[in-house]
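Worksheet for the structure shown next.
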Amino acid sequence: MNRTMLRAKVHRIRVTECEVEYEGSLTLDAEIMESARMVPYEKIDVYDVDNGNRFSTYLIAGEPGSKVCCVNGAAARLVENGDKLIICTFVTLEDDDAAAHRPRVVLVGEENEMIEVKDYEEAGVRVPS
């Protein structure tokens, strides 16, 4: 049996730009992408913490160290500058591999600075609002 598992997550990054007149995608700081082990053109699911909108798109690498999180194309209508997003990627694993799997989690601060990178997620841990 196969299971779809969380592979990586960037938690609570703030939208820095919205570009409707663009082909699509989400531009993300390349350093954040690397820390999350995400790659250009990888499919992502995006969850807007502020308004509840959810959508899928793909990544484009932004300038390293820029702290950019720019939502492009039609999805730009679903977010606003300053919204907090959760960006996730998933992987399909066999049961034997799924049992030992641990996701990469990148926690981001108010200014889109990386504050912690870890390979687990715990139940019951609250984040500052």
Next item on the list: As a check on your grasp of the helix formula, calculate [θ] at 222 nm for the chain: sum -39500 (n - 2.57) over DSSP H runs of n ≥ 4, divide by the residue count, round to the nearest 500.
Entry: -2000 deg cm²/dmol
Check: Would you list L6, L28 from fewest to most Cβ contacts within 10 Å?
Finding: L6, L28
Next item on the list: State the antiparallel share, in %, of DSSP beta bridges confined to the stretch 2-118, rounding to the nearest 5.
Entry: 70 percent
Notebook entry, point to check: Which net charge results for the neighbourhood of R54, defined as the other residues with beta-carbon distances under 10 angstrom from its beta-carbon, given Lys and Arg at +1 and Asp and Glu at -1?
Noted result: -2
Margin query: At a 10 angstrom cut-off on C-beta neighbours, averaged per residue, how do the peptides 93-106, 70-83 rank from highest to lowest?
Written below: 70-83, 93-106
Item checked: Given charges at beta-carbon only (K, R positive; D, E negative), |dipole| of the stretch 2-118 in Debye -> 360 debye
Notebook entry, point to check: Check D50: other-chain or 5+ apart residues with amide H under 5 Å from its amide H, H built from backbone geometry?
Noted result: K84
Checklist line | Relative contact order of the chain, pairs being alpha-carbon contacts under 8 Å that are 6 or more residues apart, as % | finding: 39 percent
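A short reminder: the numbers here are calculations on the coordinates, not readings from a lab. Computed from a predicted structure; not experimentally measured. Cβ coordinates were reconstructed from backbone atoms using ideal geometry, including for glycine residues, and neighbour counts include every protein chain displayed.
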